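Heads up: the structure comes next, in structure tokens.
The values are calculated or read from the model by the stated rules, or taken from the named source; none is laboratory data. All values reported here derive from a predicted model rather than from experimental measurement. Every residue, glycine as well, gets a Cβ built from its backbone with ideal geometry; the counts of neighbours run over all protein chains shown.
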Amino acid sequence: MKIGDKLSGKISGIQPYGVFVNLENGSQGLVHISELKNGFVSGIENEYKVGDQVEVIVLDIDEYDGNVSLSMRALQSRKLGRPILHKHFWTNYKDEIGYATIKDNKSKWVRDAMKIINGK
């Protein structure tokens, strides 16, 4: 099993934060509530039942404890016509700061860093 694999399994447990899935390869993973479906999940226990057969994609495998993060949402298509809003915390377009400011100051920052590295 590797990240990105599409697997099938059966729901083995339901918690307020997500559902546990027994995968076809014998391992178990968690589908967090945010990865169940696109949109709002009103009640996990109303929409999913223990024993339901589901298809999932492997999002992550923790190399230390072996926990497997899964997604059902990644297999769903998005509804067209609804804009996807992204928050941009790295810049504010109204103040005209962001990449232009980095470009203007980059050479000075590099010079200052080199002075510190060279001990001057």
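Here are a few things to note about the model shown:
- Hits in region 39-51 (condition: surrounded by fewer than 14 Cβ atoms within 10 Å (Cβ to Cβ) and either touching a residue at least 24 places away in the same chain (Cβ under 8 Å) or under 19 Å from the mean Cα position of the chain (by Cα) (or both)): Gly39, Phe40, Glu45, Lys49, Val50, Gly51
- Set Trp109, Trp90: member being of a type outside the set (Gly, Ala, Ser), exposed (fewer than 10 other Cβ atoms within 10 Å of the Cβ) and either modelled with pLDDT under 85 or over 30 Å from Gln15 (Cα atoms) (or both): Trp90
- Members of region 52-69 found to be under 19 Å from Gly4 (Cβ atoms), surrounded by 11 or more Cβ atoms within 10 Å (Cβ to Cβ) and free of Cβ contacts under 8 Å to residues at least 60 places away in the same chain, listed by number: Val54, Glu55, Val56, Ile57, Val58, Leu59, Asp60, Asn67, Ser69
- Among the residues of region 13-26, not one is of a type in the set (Ser, Thr, Tyr) and crowded, with 16+ Cβ neighbours inside 10 Å.
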